Amino acid sequence: MPAAISCVTIPVDDLQKSIAFYRDGLGLPAEETDEDHAVFDLDGVYLTLLDRSGFNAYVEPIGLRSAAKGNAGMIISYFTDNKGDVDAFIAKAQKAGAKVVAAAEDEDGYSGYFTDPDGHAWEVLYAG
């Protein structure tokens, strides 16, 4: 069986604020929510928002702790079908309160960046 990513779980400090950002601000469909986590089905890959203490309970047994808010440990990338979709998604993120870097051409294509309420970095890319 080939390796595939099924779920990306990120720690959040204020779950309700993060749910509002992803569901209401970005328009992502929430599949499941409770007081500790939220799950978004993004076309077969799940994005899970987990309260930071709950996240730490999973990673502490392997000797880790979640990165402090505002520290990048990864970039989550979303590939679009065209440049207009990049601009539209970056604008949606900005309207939802994200810190954004406007899209621009580079050697990899056309991309912009934003951070969610907990400082997780997102790239929105059209590779053309």
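The values are calculated or read from the model by the stated rules, or taken from the named source; none is laboratory data. A quick note: this is a predicted structure, and the numbers were derived from the prediction, not measured. A quick note on method: Cβ atoms are made from the backbone with ideal geometry, for glycine too, and the neighbour counts reach across all protein chains shown. Note: accessible area is taken over every heavy atom of the protein model, side chains too, but ligands, DNA and RNA are not part of it. Shrake-Rupley method; radii C 1.70, N 1.55, O 1.52, S 1.80 Å.
For the chain, relative contact order (Cα pairs under 8 Å, six or more residues apart, normalised by length) works out to 23 percent. Here the gap between residue 6 and residue 99, fully extended at 0.36 nm per residue and compared with their Cα-Cα distance, gives a gain of 30.8 nm. Under 1.5 on a/c is rounded, so check that first for the stretch 1-75, then, if it is not, pick prolate when a/b is larger than b/c and oblate when it is not; a ≥ b ≥ c are the square roots of the alpha carbon gyration tensor eigenvalues. In terms of gyration-tensor shape, oblate. Exposed loop sites were defined as GluC sites (Glu not before Pro) in DSSP loop states (anything but H, G, I, E or B) carrying at most 11 other C-beta atoms within 10 Å; in the chain the longest segment without such a site runs 36-106. The heavy atoms of residue 92 offer some 90 square angstrom of accessible surface to a 1.4 angstrom probe. What residue among 70, 29, 18 has its Cα farthest toward the positive end of the dipole of the chain, where the charges are +1 on Lys, Arg and -1 on Asp, Glu, each on the Cβ? Looking along the dipole axis, the top candidate is 70.
Between residue 81 and residue 16, the contour length at 0.36 nm per residue exceeds the alpha carbon distance by 20.3 nm. Taking amide H as placed 1.01 Å from N in the peptide plane, residue 28 has its amide H under 5 Å from the amide H of 23, each at least 5 places away in sequence or on another chain. Could you tell me the distance between the Cα centroids of the stretch 12-40 and the stretch 77-128, to the nearest Å? The distance from the Cα centre of the stretch 12-40 to that of the stretch 77-128 comes to 19 Å. Surface exposure of the stretch 1-103, expressed per residue as accessible area with a 1.4 Å probe, stands at 64 Å². If the label point is 7 Å along Cα→Cβ of residue 59, which residues in the stretch 1-33 have backbone nitrogen under 20 Å from it? Flagged as within label range: 5-19, 22.
Using a probe of 1.4 Å, the accessible surface attributed to residue 81 totals some 130 Å² when neighbouring protein chains are kept in position.
Note on the chain: antiparallel DSSP beta bridges, both residues inside, total approximately 65 percent of the bridges counted. For the set 85, 43, the ranking by accessible area, highest first and with no ligand, DNA or RNA atoms included, is 43, 85 under a 1.4 Å probe.
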